[in-house]
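The next block holds one structure in the form of structure tokens; read it before the comments.
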Amino acid sequence: MAAPFLDRDLRVIPIDAYIDPPQPRARAIITHGHADHARSGHGAVLATPDTIAIMKVRYGEDCAGQFQALEFNTPLVVDDVTITLVPAGHILGSAQVVMEHRGQRIVVTGDYKRLPDRTAQTFELAECDLLVTEATFGLPVFQHPKPLDEIGRLLRSVETFPERSHVIGSYALGKAQRVIALLRDAGWDAPIYLHGAMIRLCELYVERGIPLGDLRPSLEVSKDDLKGQIIIAPPSAIKDRWSRRLPDPVLAVASGWMSVKQRAKQGGVELPLIISDHADWNELRQTIADTRASKVWVTHGREDALVYHCQQQGLEAEPLRIEAYEDGEEEVE
Amino acid sequence: MRAFAALMETLVLTPSRNRKLEAMVEYFRSTPDPDRGLGLAILTGALTFKNVKPAGLRDIVLDEVDPHLFALSYDYVGDLGETIALIWPHHGGTEPLPSLSDLVELFNMTSKAELPRLIGSLLTRATINERWALVKFATGALRIGVSARLAKTALAEMSGKPVQEIEEVWNGLTVPYTELFDWLDGRTERPDIDHASRFHPLMLSNPIDEEKDLEKLDPKDFVAEWKWDGIRVQLIAARGKVSLFSRTGDDIADAFPDVTGAVFGDAVLDGELLVGQEFDPAPFNDLQQRLNRKTALGKHLTAYPGFIRVYDMLFDGSEDIRALPWTERRARLETWFANNPQTRLDLSPIVQFDGWDQLAEIRRKGAAEHGHEGVMLKLRSSVYVPGRPKGLWYKWKRDPNVVDAILMYAQRGHGKRSSFYSDYTFGVWKGNEIVPIGKAYFGFTDEELKQLDKWVRNNTVASFGPVREVNKELVFEVAFDSAQQSTRHKSGVALRFPRINRIRWDKPATEAATLDDMQVFLSAT
């Protein structure tokens, strides 16, 4: 293929726009609202309406010079580049960026998963010449089990310990709402209690058409009334002072990382729930094959194994080392 | 298998001892024989599969997974068994895994050559947690934080039988422990086993209360011995076989072949396991090199030869003498030594004294000059009673050493304390610098813990993951049993059994101890 019209900092060269740039840029295309992809301070932001709403809630109305909302699967022509945002299935509003320029097609997946999830628009496959894929779980040890089975384990634990509360450490954007939706789908109709950091984003999901059932702030409830209940909180809070108000909590964390038991143990997690919003190893490989890309750039995670795998398949592949911030005590999904 | 996998996961992940117990009790209650007995054997390390080795399992996996990808994964996960369980690429067998007893039978019946295929097919049928449990127990690399003692305590809770009675019969039993469970369930009498060749729960002492106890006790009724700084053991020599048990009934014979291989005569003896040349006890640190090992290292056998300082006798030959008074047991013990010359056993000498004041002085001198931990007082008429009976044996520990040290780092605790900064690293002055000398996480009240937690949060200067560095302003009076040279700490000093004696909210850090102040403690041991 011809030289790509995207450089290794994910700059779309013909239109001088960056995808998920870590530094403020004049023009940014944002795949989704997580902090390591969406930052404040860009001149102009192109994103899905959901992503723009999320950015405004997190960073304020004026966190970018201007916003341009682009609906899914609606091609937008900028100079001679056609940009289409295609659902990535990661969180509400998350998109892959599909670009076409002089007959060359490039897809930047952003973060994605292919399993159905009613809190995110379902992943759609886009064929391309160059695929820029994430690799958060890019090792063959990551083979995520069925999310509803994991929720089943949680509900069995709740049944076994009626005197205890269950607090689920979940990233406030995306994972929290997914866990709540899964609980509802599994038949848990009781109120679900929220740490303060969760409330605004849950409200946003509901406003944007994703019902989450009866949600209540955990603050307003007495310790006794939380026995046998489920509380959702950021992973950093479940072991901190905040959790002292809970009756003998079972510490759970919902994350793809939880498949490694020693890791869960080191984190003091009693009930690891392997619920991930990222593609696992098998999905990553499947997707690379399905896009029929001849060239693959791997970013965001454990690049080495996925690059090696692509090369074994006869694809041109290389890792992209994009500066993304690492969070000390917890790993963001 | 599903229930056992769930039990293993709970045991690994729950930090709470009580919850581990609850989970085991529930498993033993709800699981039929012989599966629960096999589960018990796996937990206590009594059941292993010789033919299944982690390296062998890796070979099975490498038939299915690219070696480079396996290496990258192993590097990330860090545990071979867990890597194998997670990376196994085939899932979704239709049948559930066989029961534990069927599995054990399969493992034992299958030839070494066929074993890989069997395990491969089991891994395919297993759920994600079962794969983990399967690899863990098949390779015997459990590491799930359950001691044999804890498993026995669970059996005691399940049945209402005293844990001592379970310990007494334990070593005469065989997997899958059906006769044990029959007795625990109340269906049969207690299993009858050879009394001279199994572990007998130890007799323990109570700490003496100098103010209250001494005036009530007549020195003439008691004998004194030094309190040795090793580990309490029970040595059983019967019909040519020698066993060595820790105070909790764990069999540690394999780690001390130098001792067990040199015993002459038949007896059940109670004593202190020590290391040192020519019966001269070396510091506890040296003994520690040899503990918690499955076997002894050759170099340790010469550098730290083991010996047992014997102070009591439970069986003389095959005769149970526990009901005899101490004086008679001692006489029997001395006769036994005279008739059976030993190279790795010696007698703990009797310390002569006339009154408590004199003994207090002897105790003080022993601590200062020889580093003795204190003295033991034993009622001359005391029979050997398992457990901690009142009024028969006392330990009179030497006064603890104390040092004023400065809090440097705090770390969150575990379990109930996981939201509190409850583990404290403290140090002393070395010139203008503060160097760490130890770490302690008890000695304070719950109320003080709250105050300390608050202080730590308000005085944090830096965070490293779970650790907070604090302003070097708070002084602890730290009590400790002894101090030793150490290469592990920058200060070159390590404290034995340190605890927070007092929080010196009042004392400025500039008045805390210096490393030079620590030297006196080092020379005393």
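Nothing in this text is a laboratory measurement; each read-out follows from the coordinates by a stated rule. Predicted model, so just to flag it, every value in this text is computed and none were measured. Methodologically, a virtual Cβ is constructed for each residue, glycine included, from the backbone with ideal geometry; neighbour enumeration extends over all protein chains shown.
The residue list A:ILE238, A:TYR59, A:THR74 was ranked by how far each Cα lies along the charge dipole of chain A toward its positive end, using unit charges on Cβ atoms, and A:ILE238 comes out on top.
Taking trypsin sites (Lys or Arg not before Pro) in DSSP loop conformation with at most 16 other Cβ atoms inside 10 Å as exposed sites, chain A has its longest uninterrupted site-free stretch at A:9-101. For chain A, the longest principal axis of the Cα atoms and the long axis of helix A:303-312 meet at an angle of about 50 degrees. In this structure the amide hydrogen of A:LEU46, modeled in the peptide plane, comes within under 5 Å of the amide hydrogens of A:ALA28, A:ILE29, A:ILE30, A:GLN68, none closer than 5 places in sequence on its chain. Amide H contacts of A:VAL253 (H built 1.01 Å from N, in plane; Pro and chain starts excluded): A:GLY169, A:LEU271, A:LEU273 sit under 5 Å, all sequence-distant by 5 or more or on other chains.
With contacts taken as Cα pairs under 8 Å at a separation of at least 6 residues, segment A:240-316 carries a relative contact order of 21 percent.
Distance between the pseudo-spin-label points of A:GLU203 and B:LEU301 (7 Å out from Cα toward the beta carbon): 7.4 nm.
Nearest 20 debye, what's the magnitude of the dipole of the protein assembly as shown about its Cα centre given +1 on Lys and Arg Cβ and -1 on Asp and Glu Cβ? Show your work: numbers first, answer last.
Details: 102 positive and 122 negative charges, 165 e Å.
Its charge dipole is roughly 800 debye.
Among the chymotrypsin sites (Phe, Trp or Tyr not before Pro) in segment B:305-372, none is located in a DSSP loop while being surrounded by at most 16 other Cβ atoms within 10 Å of its own Cβ. Angle of helix A:281-291 to the longest C-alpha principal axis of chain A, folded into 0 to 90 degrees and rounded to 10: 30°.
Couplings 3J(HN,Hα) of segment B:463-471, computed from phi: 10, 10, x, x, 9, 10, 8, 10, 4 Hz, in residue order, whole Hz [Karplus 6.51 cos²θ - 1.76 cosθ + 1.60, θ = phi - 60°; x for Gly and Pro]. Computed extension gain for B:ASN432 through B:ARG17, at 0.36 nm per residue and net of the alpha carbon distance, reaches 145.1 nm.
In chain B, taking the dipole from charged Cβ atoms about the Cα centre, the farthest positive-side position among B:SER30, B:GLY374, B:SER243 is held by B:SER30.
For segment A:147-273, a simple Cβ point-charge model (Lys and Arg +1, Asp and Glu -1, everything else neutral) yields a dipole of about 520 debye relative to the Cα centre. Here the simple spin-label model places points 7 Å from the Cα toward Cβ, and for A:LEU76 and A:GLU318 these points are separated by 2.9 nm. Ranked from largest, the principal axis spans of the Cα set of chain A equal 65, 45, 33 Å. Rounded to the nearest 500, the 222 nm mean residue ellipticity of the protein assembly as shown from helices alone is -9000 deg cm²/dmol, with -39,500 (n - 2.57) taken per DSSP H run of at least 4 residues. In this structure, A:LEU155 and B:ASN51 have a Cβ-Cβ separation that, at R0 = 35 Å, corresponds to a calculated FRET efficiency of about 0.35. For segment B:206-397, the relative contact order works out to 29 percent when only alpha carbon pairs closer than 8 Å and six or more residues apart are counted.
Per residue, the average separation of C-alpha pairs within less than 8 Å and at least 6 apart gives chain B a relative contact order of 11 percent. Peptide B:84-90 has a mean of 4 when you count, residue by residue, the C-beta atoms of other protein chains within 10 Å of its C-beta. About the centre of its Cα atoms, segment A:11-157 shows a dipole size close to 400 debye [charges on the beta carbon of Lys, Arg (+1) and Asp, Glu (-1) only; nearest 20 debye]. Using a cut-off of 13 Å between beta-carbons, work out the net charge of the residues near A:THR287 (Lys and Arg +1, Asp and Glu -1, A:THR287 not included). Taking every other residue near A:THR287 into account, the sum is -3. When the convex hull of its Cα atoms is viewed from all sides, chain B shows a mean projected area of 29.1 nm².
Bridges between two residues of the protein assembly as shown, per DSSP, are antiparallel at a rate of about 65%.
Place +1 on the Cβ of every Lys and Arg and -1 on the Cβ of every Asp and Glu in chain B, take the dipole about the Cα centre, and give the residue among B:TYR384, B:LEU11, B:LEU180 whose Cα lies farthest towards its positive end. About the Cα centre, the residue reaching furthest to the positive side is B:LEU11. Taken as Cα centroids, segment B:366-440 and segment B:449-517 sit 15 Å apart, rounded to the nearest whole angstrom.
Stretching B:SER147 away from B:GLN519 to a fully extended chain increases their span by 130.2 nm, per 0.36 nm per residue minus the current alpha-carbon distance. If one takes the longest principal axis of the Cα atoms in chain A, at what angle in degrees, from 0 to 90 and to the nearest 10, does the Cα axis of helix A:196-207 lie? Roughly 60 degrees, rounded to the nearest 10. Note that segment B:255-265 has calculated 3J(HN,Hα) couplings of 7, 10, x, 5, 7, 5, x, 10, 9, 10, x Hz, one per residue in order, obtained from phi through the Karplus relation 6.51 cos²θ - 1.76 cosθ + 1.60 (θ = phi - 60°); glycine and proline are x. How about segment B:379-421: which trypsin sites (Lys or Arg not before Pro) there lie in a loop by DSSP and see at most 16 other Cβ atoms within 10 Å? In loop regions of segment B:379-421 (DSSP not H, G, I, E or B), the sparsely surrounded trypsin sites (Lys or Arg not before Pro) are B:ARG380, B:LYS390. Among the trypsin sites (Lys or Arg not before Pro) in segment B:81-163, those placed in a DSSP loop whose Cβ has at most 13 other Cβ atoms within 10 Å are B:LYS112, B:ARG143. Between A:ALA293 and A:CYS128, the built amide H atoms are under 5 Å apart, and every one of these is 5 or more places off in sequence or on another chain. Rounded, prolate or oblate, given the Cα gyration tensor of segment A:147-273, with a/c below 1.5 counting as rounded? The shape class here is rounded. Computed from backbone phi with θ = phi - 60° and the Karplus coefficients 6.51, -1.76 and 1.60, the 3J(HN,Hα) list for segment B:86-92 is 6, 8, 3, x, 9, 10, x Hz; x is used for glycine and proline.
Over all Cα atoms in the protein assembly as shown, the spread is summed up by Rg and Dmax: 32.6, 106 Å.
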